[in-house]
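One structure is given below, encoded as structure tokens.
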């Protein structure tokens, strides 16, 4: 009696011993994905106009907050 179980002749391993043939496209799948991500990142970058507008809004809101903090509210001088 052997310790190896009987294996059918038509049985194939789920993990092939050789790689499947690859289609030669000139560049790999990972390189194509990296190029696509780089192009998408370029499209999402803010323009100079958006950066300037954001800075103006930030400075303006800081000025409003500072004005509200130091506002005396029309009080008369108290003695």
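For segment 66-76, state whether one or more residues are out of contact with any helix residue (DSSP H, G or I) (no Cβ under 9 Å at 6 or more places or on another chain), at pLDDT 80 or above and surrounded by 10 or more Cβ atoms within 10 Å (Cβ to Cβ). Looking for residues that are out of contact with any helix residue (DSSP H, G or I) (no Cβ under 9 Å at 6 or more places or on another chain), at pLDDT 80 or above and surrounded by 10 or more Cβ atoms within 10 Å (Cβ to Cβ), one finds at least one in segment 66-76, hence yes. Hey, does segment 28-36 have a residue that's assigned to a loop (DSSP other than H, G, I, E, B), exposed (fewer than 10 other Cβ atoms within 10 Å of the Cβ) and modelled with pLDDT under 85? So far as segment 28-36 goes, no, none of its residues is assigned to a loop (DSSP other than H, G, I, E, B), exposed (fewer than 10 other Cβ atoms within 10 Å of the Cβ) and modelled with pLDDT under 85. Do we find that residue 25 is at pLDDT 90 or above and within 34 Å of the chain's Cα centre (by Cα) in this structure? Answer is no for this residue.
Can you confirm whether residue 53 is loosely packed, with under 10 Cβ neighbours inside 10 Å, modelled with pLDDT of 80 or more and part of a helix (DSSP H, G or I)? Here the answer is no, as residue 53 does not meet what is asked.
The values are calculated or read from the model by the stated rules, or taken from the named source; none is laboratory data. Source: prediction; values computed, not measured. Methodologically, a virtual Cβ is constructed for each residue, glycine included, from the backbone with ideal geometry; neighbour enumeration extends over all protein chains shown.
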